[in-house]
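Here's the structure, in structure tokens; my notes come after.
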Amino acid sequence: MRAIVHEGKEGLNGLAIKDMDQPSLQKNQVLVKMKTFGMNRRDLAVTMRHNTNDPALILGSDGAGIIESVGSSVNNWSVGDEVVINPGMGWKDNSDAPPEGFEIVGLPDHGTFSEFMAVDANHVERKPSHLSWEEAGVLSLAALTAYRAVFTRGKLTKEDTIMLPGIGSGVLTFALKYAKAIGARVIVTSRSDEKLKKASELGADVTVQTQSDWKEELKDEQVDLLIESVGAATFNKSLDIIRKGGTIVTFGATTDDDVTINIRKFFYGQYNLLGSTMGSAEELCEMISFIEEHDIKPEIDHMFEMNDYKQAFEYLRDTKNFGKIGFSL
């Protein structure tokens, strides 16, 4: 079977399409014939983290397809069922943090970027009927990450104002749609006028240039919840703009990981700083129910052919996307 793999060289230079053995089916697994799969910034990170001396690794954490066969002990799925892959392994019930042993599909084990994938029957969910194959294939990781950050951790309500610095990623476009679905007020920032325009079209109430003076631009706003995914480049601006007693939820850092803050200012402000990552299988099911109830679909920027894998990785690396990108088979 054809697969997008990483081997031999660090970074994007190690990417290739390679013929890999179709996985053998274990008794507790289902074999999924993949229709589409979605990209995440994690895929870029894996090209740097995967040991170049290790065998070829199939990349990818997101995907959707049709069950081709089922293992002998599987009784809750049938051939022909349409499913999405749960990108989280070993996190069943909602909890304060992932349990020991939690892993994300695509490292250390093979991921979704292949024609077939064998996966534990408990790590697939039924494809939402209102989504196309392209939408289903790019759904799970970003939509689940946004759901946990906004609702489980951030506890957003319709009375709140949420701010999303650096709008454009898959996670933040989901967060924007979630917030508008429940009636919350949404502020976004970007360095791109085009992305700010697109965010407005999706319902953002206020748009601000990332490099502007947020305090001045938003002097008439009260930010209750801020989803921080940029890191060092914006973190202190985020801390300056959140209301006293407000909450920052952070799930990523597209700029430097290390952040320095004035701790006295922080505790006098009574701020809440919460970490978040991915989510449990329980939250994945809640998220799917939520998007079905509110008819929410992923914001798709571009779908690539498998042969255009290098172009796709460069497109994501250069943050050209507004929403999700992925591959169609």
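Each reported figure results from applying straightforward, stated rules to the coordinates on display, with no laboratory input. Remember, predicted model here, so these are calculated numbers, not experimental data. Positions of Cβ are backbone-derived with ideal geometry, glycine not excepted, and every protein chain shown enters the neighbour counts.
Details
- From PHE322, PHE327, PHE290, residue being under 24 Å from LEU202 (Cα atoms), in contact (Cβ under 8 Å) with a residue 24 or more places away in the chain and surrounded by fewer than 19 Cβ atoms within 10 Å (Cβ to Cβ): PHE290
- Among (1) surrounded by 24 or more Cβ atoms within 10 Å (Cβ to Cβ); (2) under 25 Å from ALA3 (Cβ atoms); (3) not basic (Lys, Arg), the one test that VAL150 misses: (2)
- For ASP240, the conditions (1) in a helix (DSSP H, G or I); (2) in contact with a strand residue (DSSP E or B) (Cβ under 7 Å, 6 or more places away or on another chain); (3) of a type outside the set (S, T, N, Q) are fulfilled apart from (2).
- Unique match (being over 23 Å from SER280 (Cβ atoms), exposed (fewer than 14 other Cβ atoms within 10 Å of the Cβ) and aliphatic (A, V, I, L, M)) among VAL70, VAL79: VAL79
- Scanning the stretch 36-44 for residues that are in contact (Cβ under 8 Å) with a residue 60 or more places away in the chain, surrounded by 21 or more Cβ atoms within 10 Å (Cβ to Cβ) and more than 21 Å from ILE4 (Cβ to Cβ) turns up nothing.
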